[in-house]
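K.L.:
To start, I am sharing the structure in question, which I have written as structure tokens.
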Amino acid sequence: MQITVLIAGLGLIGGSIAESIRKEHPGIKIVGFDTDRKTLGEAMQRGIIEETATSLQEGARDADWIILCAPVSAILSMIEQLSTANLKHDVIVTDVGSTKRYIMLQADHYLRGKCHFIGGHPMAGSHKSGVSAAKADLFENAYYFLVQAADQEEAPVQKLEDLLKGTHAKFFRVTPETHDKIVGIISHFPHLIAASLVLHLANHPIEGANLRMLAAGGFRDITRIASSDPTMWADIVTYNRDYLLTLLDEWTNEMEGLKEMLMDGNRKAFHNFFKQAKLFRDGFPKKEKGAIPGFYDLYIDVPDKPEVISKVTGYIGREGVNLTNLEIIEARENVSGVMRLSFQDAGGREKARHILQKNGYHTYLND
């Protein structure tokens, strides 16, 4: 019997999940729904989906699986819409929302007894967005949260893990509360701090100094996530604001402690402060995918000549390596090289490094 999966929302995440399912389960039919007709057309053209649905209810009617791939506020609306749809009695519904408590409450209210609902959240992303950036291996080695209701049967969760086996993600089962605490401290709160640092810089102009240019070294790196989609992040923090308020209170206390150390001028206390941070940071696993998309940068020494950019990108492009960003560095703070190339993964960076070294360029890593 034909198994059908409905992907509702065909952006980077929805498209990548569809790709991973197709790769692992080629016999499954994948139907796509998206409010953007252009996105649907591109997904069809690329072979990510086989059919399109004109509405969520239409696509849900014949689906054995429904995967809601949208921002949290849109997922909440989709769940309400599904409550009026004619669903199969054993359909399994999941989502990819970045917070889970509101979603699980919404599902319990509208879908209890109508389907098996399992909350989901793949902890991976990319510097690119949209279905054009979708790829089957986006979630490889990333943690994928699965959130069950208290009385959830085990069989549907096992079936979901099997459906998503092609993601090659590491499934991690948690309660909605634990999930929101985890992502609050390792993802949502850092985004707030990064955005605040950028605005702090913007609010402190210094006459005769282009701070934006001078901050393009280490400051640029620690605030990269501040360039994330503001609409998406306003949505995320809204639905996790209580935990974020607690974290901000704790952060305020920590900053007061730093203020006291500065007032005391205690060099030993500061040494201990930086040492503890370094030891903990150095213990991070180097090859794991975390809550915030990783950056794989390669630095190269190049002469300041007009044709150098086209030469470098030409060498890499001809070998089929995907370059996500390029920057000429003028403020070289703690890095070697004057050009920074960014890649989606370590494999692409290593291939590019080999290509450039073969063509006589000196390359550096700054991990």
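K.L.:
Please pick out the residue among Phe172, Phe145 that is surrounded by fewer than 17 Cβ atoms within 10 Å (Cβ to Cβ) and hydrophobic (A, V, I, L, M, F, W, C).
P.N.:
On the way: Phe145 fails: surrounded by fewer than 17 Cβ atoms within 10 Å (Cβ to Cβ).
Checking each option against the conditions leaves just Phe172.
K.L.:
Of all residues in the range 223-246, how many are over 14 Å from Ala194 (Cβ atoms) and outside any loop (DSSP other than H, G, I, E, B)? Let's see the steps before the verdict.
P.N.:
Taking the range 223-246 and keeping what is over 14 Å from Ala194 (Cβ atoms), we get 231-232, 234-235, 238-243, 245-246.
Now narrow it down to the ones that are outside any loop (DSSP other than H, G, I, E, B): 231-232, 234-235, 238, 241-243, 245-246.
Final tally of qualifying residues: 10.
Residue-wise test of (1) hydrophobic (A, V, I, L, M, F, W, C); (2) surrounded by fewer than 18 Cβ atoms within 10 Å (Cβ to Cβ); (3) assigned to a helix (DSSP H, G or I); (4) touching a Gly at 6+ places or on another chain (Cβ under 9 Å).
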site: Ser16; (1), (2), (3), (4): no, no, yes, no
site: Glu19; (1), (2), (3), (4): no, no, yes, yes
site: Val31; (1), (2), (3), (4): yes, no, no, yes
site: Gly41; (1), (2), (3), (4): no, yes, yes, no
site: Met104; (1), (2), (3), (4): yes, no, yes, yes
site: Ala107; (1), (2), (3), (4): yes, no, yes, yes
site: Gly113; (1), (2), (3), (4): no, yes, no, no
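K.L.:
I'm trying to understand the selection: among the residues of the range 67-102, which are charged (D, E, K, R), more than 18 Å from Glu161 (Cβ to Cβ) and outside any helix (DSSP H, G or I)?
P.N.:
So in the range 67-102, the residues charged (D, E, K, R) come out as 80, 88, 90, 95, 100-101.
Filter again for more than 18 Å from Glu161 (Cβ to Cβ), leaving 80, 88, 101.
Within the range 67-102, just Lys88 meets the criteria.
K.L.:
With the condition kept exactly as written, say whether any residue in the range 16-30 is touching a residue at least 40 places away in the same chain (Cβ under 8 Å), touching a helix residue (DSSP H, G or I) at 6+ places or on another chain (Cβ under 9 Å) and among the acidic types (Asp, Glu).
P.N.:
There is at least one residue in the range 16-30 that is touching a residue at least 40 places away in the same chain (Cβ under 8 Å), touching a helix residue (DSSP H, G or I) at 6+ places or on another chain (Cβ under 9 Å) and among the acidic types (Asp, Glu).
K.L.:
Taking the residues in the range 116-150 that are in a loop (DSSP other than H, G, I, E, B) and out of contact with any helix residue (DSSP H, G or I) (no Cβ under 9 Å at 6 or more places or on another chain) as candidates, determine which candidate is nearest to Lys165 (Cα to Cα). Steps first, answer last, please.
P.N.:
Residues of the range 116-150 in a loop (DSSP other than H, G, I, E, B): 123-130, 134-141, 148-150.
Now narrow it down to the ones that are out of contact with any helix residue (DSSP H, G or I) (no Cβ under 9 Å at 6 or more places or on another chain): 141, 150.
Working: Asn141: 11, Ala150: 24 Å.
My answer is Asn141.
K.L.:
Can you tell me which residue among Glu140, Glu153 is in the same structural domain as Arg37 (by TED's automatic domain parsing), of a type outside the set (Gly, Ala, Ser) and farther than 19 Å from Ile48 by Cα? I'd like the intermediate steps shown before the answer.
P.N.:
Numbers: Glu140 fails: farther than 19 Å from Ile48 by Cα.
Residue meeting the stated conditions: Glu153.
The values are calculated or read from the model by the stated rules, or taken from the named source; none is laboratory data. Being a predicted model, the structure only gives us computed values, none of them experimental. Reconstructed Cβ throughout: ideal geometry from the backbone, glycine too, with neighbour counts over all protein chains shown.
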